[in-house]
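Reviewing the structure listed below.
The values are calculated or read from the model by the stated rules, or taken from the named source; none is laboratory data. These numbers come from a predicted model, not from an experiment. FYI the Cβ positions are ideal-geometry reconstructions off the backbone, even for glycines, and counts take in every protein chain you see.
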């Protein structure tokens with residue numbers, strides 16, 4: 001019996017599975033990449049399992065799938081693709097943290113509410129309640145007064161259990177101020193300051209840390225990772241003001257002074273209780289693999305004589321898509337339609353470097369002899 005079971009499993013025909021990044025692979029900003037249409041249609045026609053794995057966020061998973069398929073003009077043919085967003089793993093923390101600050105576009109708090117978090121506020125809620133908390137905000141410039149959709153806010157004593165950064169904020173000035181405030185607060189209590197360099201901050205979750213991303217513009221643009229760097233620099237200076245960079249710092253500081261400053265900054269940042277999600281972290285690939293397996297079952301059933309063999313990650317960013325998939329044990333296809341360009345120093349060697357996603361799919365299928 002055991003031998004028969006082993007024999008039947010080992011004789012299953014293997015088909016490839018594909019995991020696609022979105023920005024720089026399927027679309028460039030609002031513009032679709034034509035090769036993506038052909039690639040996805042081919043996979044769908046041949047019932048090859050595939051999913052989206054993106055470091056973008058601020059929407060629900062089904063909404064992101066619909067947004068991309070609409071941009072590509074193929075939603076009638078492919079109604080939905082299973083999608084893992086950078087913040088998808090946050091669902092696991094909905095019982096652990098009661099009151100959280102949601103960082104992202106206005107309205108992104110609804111994502112955390114959908115994930116099951118009880119009490120969620122955004123920077124815009126706090127700006128509407130506490131005058132002067134973020135003096136250069138964009139909310140106050142609206143013709144219509146901002147009305148919070150997230151319930152009553154106390155006059156004072158609002159305490160946060162965690163900060164959850166879902167996506168790039170649209171008002172960096174306000175979010176830099178409020179996130180930094182909470183990271184130097186007394187255990188998350190808004191409006192307080194604790195400058196003790198030995199004490200841990202409240203938890204902050206970053207949905208990803210991509211430093212740049214590709215839009216329609218000729219050069220990559222700053223992403224959430226750049227925002228993260230700014231937050232931590234500001235926190236360091238607030239806790240140790242002499243870390244500020246003065247105009248004559250090169251002339252008046254020795255290498256030893258600069259090294260000492262770096263050590264002070266490192267000590268402060270080591271007390272930030274952070275968790276980083278998204279690519280290249282393994283948790284994102286784990287979630288994507290589960291969704292890929294679900295897609296396979298939907299396409300072929302539980303008792304199929306097929307099974308997923310090689311998995312190919314198709315991405316444009318060597319520092320997130322490619323290195324993360326490489327560490328996870330997948331094949332990697334680096335496309336030239338996004339962040340990567342000739343001369344880029346690669347942290348790992350991809351399985352292949354190709355012009356676009358259609359070429360990635362074709363060459364991958366040839367590699368595993370899928371016909």
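Could you tell me which numbered condition residue 323 fails, if it satisfies all but one of (1) in contact (Cβ under 8 Å) with a residue 24 or more places away in the chain; (2) surrounded by fewer than 21 Cβ atoms within 10 Å (Cβ to Cβ); (3) farther than 13 Å from residue 21 by Cβ?
Only one criterion is unmet by residue 323, namely (3).
Filter the range 172-187 down to the residues that are assigned to a helix (DSSP H, G or I) and over 19 Å from residue 137 (Cα atoms) and list them by number.
183
Could you say whether any residue in the range 39-62 is assigned to a helix (DSSP H, G or I), within 22 Å of residue 320 (Cβ to Cβ), under 20 Å from the mean Cα position of the chain (by Cα) and not assigned by TED's automatic domain parsing to the domain that holds residue 219?
So far as the range 39-62 goes, yes, one or more of its residues are assigned to a helix (DSSP H, G or I), within 22 Å of residue 320 (Cβ to Cβ), under 20 Å from the mean Cα position of the chain (by Cα) and not assigned by TED's automatic domain parsing to the domain that holds residue 219.
Take the range 188-219 and flag every residue that is within 26 Å of the chain's Cα centre (by Cα), under 26 Å from residue 90 (Cβ atoms) and part of a loop (DSSP other than H, G, I, E, B).
The answer is 188, 200, 201, 202, 203, 207, 208, 209, 210, 211, 214, 215.
Please go through the range 203-219 and give me each residue that is touching a helix residue (DSSP H, G or I) at 6+ places or on another chain (Cβ under 8 Å) and surrounded by fewer than 21 Cβ atoms within 10 Å (Cβ to Cβ), ordered by number.
Within the range 203-219, 211, 212 meet the criteria.
Residues are listed down the side, and each one gets a yes or a no for (1) touching a helix residue (DSSP H, G or I) at 6+ places or on another chain (Cβ under 7 Å); (2) at pLDDT below 75:
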site	(1), (2)
228	no, no
239	yes, no
243	yes, no
246	no, yes
252	no, yes
263	no, no
280	yes, no
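Going through the range 1-23 one residue at a time, which ones are assigned to a loop (DSSP other than H, G, I, E, B) and at pLDDT 95 or above?
21, 22
Here's the yes/no breakdown for (1) surrounded by 15 or more Cβ atoms within 10 Å (Cβ to Cβ); (2) in contact with a helix residue (DSSP H, G or I) (Cβ under 6 Å, 6 or more places away or on another chain); (3) in the same structural domain as residue 56 (by TED's automatic domain parsing):
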residue: 69; (1), (2), (3): yes, no, yes
residue: 77; (1), (2), (3): no, no, yes
residue: 99; (1), (2), (3): yes, no, no
residue: 103; (1), (2), (3): yes, yes, no
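Checking residue 12 against (1) surrounded by fewer than 14 Cβ atoms within 10 Å (Cβ to Cβ); (2) touching a helix residue (DSSP H, G or I) at 6+ places or on another chain (Cβ under 7 Å): exactly one of these is not met. Which one?
Of everything listed in (1) surrounded by fewer than 14 Cβ atoms within 10 Å (Cβ to Cβ); (2) touching a helix residue (DSSP H, G or I) at 6+ places or on another chain (Cβ under 7 Å), residue 12 misses just condition (2).
Do any helices (runs of 4 or more DSSP H) lying entirely in the range 261-371 carry at least 3 residues that are more than 23 Å from the chain's Cα centre (by Cα) and more than 25 Å from residue 219 (Cα to Cα), and which ones are they?
282-300, 357-367
If you check 126, 112, which single one turns out to be within 22 Å of the chain's Cα centre (by Cα) and either part of a helix (DSSP H, G or I) or surrounded by 18 or more Cβ atoms within 10 Å (Cβ to Cβ) (or both)?
Residue meeting the stated conditions: 112.
Any chance the range 334-344 includes a residue that's under 24 Å from residue 56 (Cβ atoms), surrounded by fewer than 18 Cβ atoms within 10 Å (Cβ to Cβ), in contact with a helix residue (DSSP H, G or I) (Cβ under 7 Å, 6 or more places away or on another chain) and free of Cβ contacts under 8 Å to residues at least 40 places away in the same chain?
yes
Pull up the range 129-139, narrow it to residues that are farther than 13 Å from residue 190 by Cβ and in contact (Cβ under 8 Å) with a residue 24 or more places away in the chain, then point me to the one that is surrounded by the most Cβ atoms within 10 Å (Cβ to Cβ).
Taking the candidates together, the pick is 137.
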